[in-house]
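*Asks:* Supplied in structure tokens, the structure appears directly below.
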Amino acid sequence: MRAGLKIFNRSFSALIPRGAGVTGHPTLDQPFPGVTSPNVEDINTAFSKATQITKLANGMRVASSEKSGGMCSVGVVLDSGSRNEKNHKEGVSHFLEKLSYSRTRKYESPEHMLAALEPFGGMYESLHFRDVAVFIVSCLPDGLDTATDILSQNLLHSQFAAQDIEAARESIACEIEMFKMGADQEPIVTDLVHAAAYSNNTLGHHKICPISTLPYIGKSDLDGYYKANYVPSRMVLVGVGVEHDALVKSAQKYFPSVLNEDTSDDSVAEYSGGYCYKHDNEPPPSLVLKNFLLLHTSLSASNHPLIRMTTM
């Protein structure tokens, strides 16, 4: 068998031209034969023409693009996450993630929101990261007003009822228990590597609620973080497949000009570097692999070369 493998290796290597990569294709720093390199300036110009942006009096920015099919998507990008927990209990943003699209001033439950969207074939979702949260509603274009209303209710008028908070606490506890049993360890490792890289400041704050604060986060903690961070000046309302003027009118209707003052912590992330090691004396039987993650600094989202780097 070993002799057969050696013969196969020699035969396979002979197929690769000298100077080429493992695949036999040109390396990524060389242009592909017969393929014209894209003009980044032309792409940026086309994008700027297709996208309209308006800044409202309350600081919210509204961006839209009419290019789409029969459905439209409306969403809010919120400049807030676990990195803004400096003046709040650690883990409060994890609770808010679980409480997305829960009870609001107008809607008594998620089911009531779905019922409002049903005539327009609508659905909602949310994504939460360390420094940003995204709330999205997709529906038929006729449902634009309803979609914007649901977004504003979640971002400005959440009620945080006691039973909803307890349900969120139980959900987070189950999530942590699953990690202990050997479920996907990537979120844990990602938390640890950010804590090491930023020494527990800003981006180093844990995205997963720590067990030490889990039992003690209550309505007052949620309200404090919510009022400090969930303000229009930290939001961008984005619409795809909608008319820009209609989206601006809807934003002015559902996102009022006078609201809470922006008192969020905007400290600059200070990269310190380092390492973090976690050892489990009695790992669960299902956790047979060691988890290792290497983090390095890279370009910011506003840097155009970032797109080329991520595709590599």
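*Asks:* Note the full-extension length gain between His157 and Ser65 as 0.36 nm times their separation in residues minus their Cα-Cα distance, in nm to one decimal.
*Replies:* 30.4 nm
*Asks:* What is the packing order of peptides 107-118, 264-275, 69-80, taking the mean over residues of other C-beta atoms within 10 Å and listing the highest first?
*Replies:* Listed from highest to lowest mean packing, they are 69-80, 107-118, 264-275.
*Asks:* For region 95-153, what class follows from the C-alpha gyration tensor (a ≥ b ≥ c being the square roots of its eigenvalues): rounded when a/c is under 1.5, otherwise prolate if a/b is larger than b/c, else oblate?
*Replies:* oblate
*Asks:* Work out how much length Met181 to Leu127 would gain on full extension: take 0.36 nm times their residue separation and subtract the Cα-Cα distance, in nm to one decimal.
*Replies:* Here the segment from Met181 to Leu127 would lengthen by 17.0 nm.
*Asks:* For Ala269 and Ile53, what is the calculated FRET efficiency with R₀ set at 25 Å and r taken between the beta-carbons, to the nearest 0.05?
*Replies:* 0.45
*Asks:* Still on this structure: Just grab the label-to-label distance for Ser220 and Glu170, each label 7 Å out from Cα along the Cβ direction, in nm (one decimal).
*Replies:* 2.6
*Asks:* Say the dipole of region 80-120 comes from +1 at the beta carbon of Lys and Arg and -1 at that of Asp and Glu; which of Asn84, Pro110, Phe120 then lies farthest toward its positive end?
*Replies:* Asn84
*Asks:* Where does region 146-276 land on Rg(C-alpha)/(2.2 N^0.38 Å)?
*Replies:* 1.31
*Asks:* Say the cut-off is 19 Å between C-alpha atoms; which of Lys106/Lys253; Lys86/Lys106; Lys55/Lys207; Lys86/Lys278; Lys180/Lys278; Lys227/Lys249 go over it?
*Replies:* Exceeds cut-off: Lys86/Lys106; Lys55/Lys207; Lys86/Lys278; Lys227/Lys249.
*Asks:* Count charges around Ile165 for me, please; just the other residues with Cβ under 15 Å from its Cβ, Lys/Arg as +1, Asp/Glu as -1.
*Replies:* Charge balance in the 15 Å sphere: -1.
*Asks:* Right, here's the next one. Could you give the radius of gyration (one decimal) and Dmax (whole number) of the Cα atoms in region 124-188, in Å?
*Replies:* 15.9, 46
*Asks:* Something else now. Can you give me the Rg/Rh ratio for region 63-176, using Cα atoms for both radii and the Kirkwood formula for Rh?
*Replies:* Across region 63-176, the Cα-based Rg/Rh ratio is 1.00.
*Asks:* Pop a pseudo-label 7 angstrom from the Cα along the beta-carbon direction at both Lys249 and Gln30 and give the gap in nm to one decimal.
*Replies:* In this crude spin-label approximation the distance works out to 5.8 nm.
*Asks:* Using the Cα centre of region 122-186 as the reference point, and only Cβ charges (+1 on K/R, -1 on D/E), how large is the resulting charge dipole? Debye, rounded to the nearest 20.
*Replies:* The calculated dipole for region 122-186 is roughly 140 debye.
*Asks:* Then there's this: Applying 1/(1 + (r/R0)^6) with R0 = 30 Å to the Cβ-Cβ distance of Leu293 and Ala115, what FRET efficiency is obtained, to the nearest 0.05?
*Replies:* Efficiency at R0 = 30 Å is approximately 0.10.
*Asks:* For Ile211 and Asn87, FRET efficiency with R0 = 25 Å and r from the beta-carbon atoms, rounded to 0.05?
*Replies:* After rounding, the FRET efficiency stands at 0.70.
*Asks:* Using the crude model of +1 on Lys and Arg Cβ and -1 on Asp and Glu Cβ, and no other charge, please compute the dipole size for region 53-104 relative to its Cα centre, in debye to 20.
*Replies:* It comes to approximately 80 debye.
*Asks:* Accessible area per residue for region 114-175 in Å², computed with a 1.4 Å probe and the full protein assembly in place, what is it?
*Replies:* 42
The values are calculated or read from the model by the stated rules, or taken from the named source; none is laboratory data. Remember, predicted model here, so these are calculated numbers, not experimental data. Cβ: placed from backbone, ideal geometry, glycine included. Neighbour counts: every protein chain shown. Accessible surface is based on the protein model in full, side chains and every heavy atom, while ligands, DNA and RNA are left aside. Shrake-Rupley method; radii C 1.70, N 1.55, O 1.52, S 1.80 Å.
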